[in-house]
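This report concerns only the one structure given below.
The values are calculated or read from the model by the stated rules, or taken from the named source; none is laboratory data. Please read these numbers as outputs of a predicted model, since none were measured by experiment. No Cβ is skipped: glycine too gets one built from the backbone with ideal geometry, and neighbour counts run over all protein chains shown.
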Amino acid sequence: MRYSSLIVTKARKLSEDDLTYREISKILNISNSNIAIWRRGHLKNSSRKIIKSLEQKRELIKKTDCNMFNNIPTSTEIDKPCCALIYGCEGAKYPATNCVALTNSEPKLVKTFVTLLRKSFKIEERKIKAYLQIHNSFEYDEILHYWSKLLNIPKKNFYKPIVTIAGGKKHRRGYLGTCTLKYYDYKIQLRLIGIYEEYMRKSIFEEESDSGPFQGLAKPRPQGLVSSNLTSSAKEDGQDGNARVLKTRGSNP
């Protein structure tokens, strides 16, 4: 049902008087959903000022620590650890995959990673491949052109895309599909993982692992910390304290 511009204007005016959708609905005998639609993009000046002020505040907070980069020279010594950290957080790990593989829908992140990868290692461009996951509502040629230009990867190096049926849910603004970047060299993959694991070990953990980044890091619980009731029960059952804990949690003997 179409409503006159007079009704729309009146509904917007009432919303500026801080009336709720339900109150406006009762006055004009119009559904809440219509009122919400009409009010979009029609915020009063005070609301716009508050929103702008909050946006500016967030931007200032984001820039709080950016000055640290003024004293950090750009070099392979910096680029390679940064590349490894990105890969350690977002990339595919060996042996699940035996190549460098990173999937993300954030263009800046994928661009940063492939740029650092090129700076940090001797890369054969022909080995860099990619493919996109897009919705069936997207124009593939346009999306392909965007990612190809952004990552400086020829279109011929893109595999056939994965096309999914778009659901009814809204997607974030500016979404341009998901890109999977691959570089077929397992040695570089292992080197990236090695740098990432070493950084984790030196930055967080005091003990050196026996195998892998987290093995041997958990110290055994001191015997004095075991509950006295638990210890006595364990002695009666002929079991140690740890086995008793598992049994009380429902594990089969």
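Exactly one residue among E55, E106, E90 is under 23 Å from the mean Cα position of the chain (by Cα) and not assigned by TED's automatic domain parsing to the domain that holds K182, and that residue is E55. None of I134, I61, I78 is touching a strand residue (DSSP E or B) at 6+ places or on another chain (Cβ under 7 Å), modelled with pLDDT under 95 and not polar (S, T, N, Q) except I134. For the residues Y146, Y196, Y175, the requirement of being part of a loop (DSSP other than H, G, I, E, B) and either assigned by TED's automatic domain parsing to the domain that holds F113 or within 21 Å of the chain's Cα centre (by Cα) (or both) singles out Y175.
Which one of these is closer than 17 Å to N104 by Cα, surrounded by 11 or more Cβ atoms within 10 Å (Cβ to Cβ) and either at pLDDT below 90 or in the same structural domain as L85 (by TED's automatic domain parsing) (or both): Y159, Y186?
Values: Y186 fails: closer than 17 Å to N104 by Cα.
Just one listed residue meets the conditions, Y159.
So that you can scan it fast, the table gives a plain yes or no per residue for (1) in contact with a strand residue (DSSP E or B) (Cβ under 9 Å, 6 or more places away or on another chain); (2) of a type in the set (K, R); (3) at positive phi:
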site: I72; (1), (2), (3): no, no, no
site: I86; (1), (2), (3): yes, no, no
site: E90; (1), (2), (3): yes, no, no
site: C99; (1), (2), (3): yes, no, no
site: R118; (1), (2), (3): yes, yes, no
site: I123; (1), (2), (3): yes, no, no
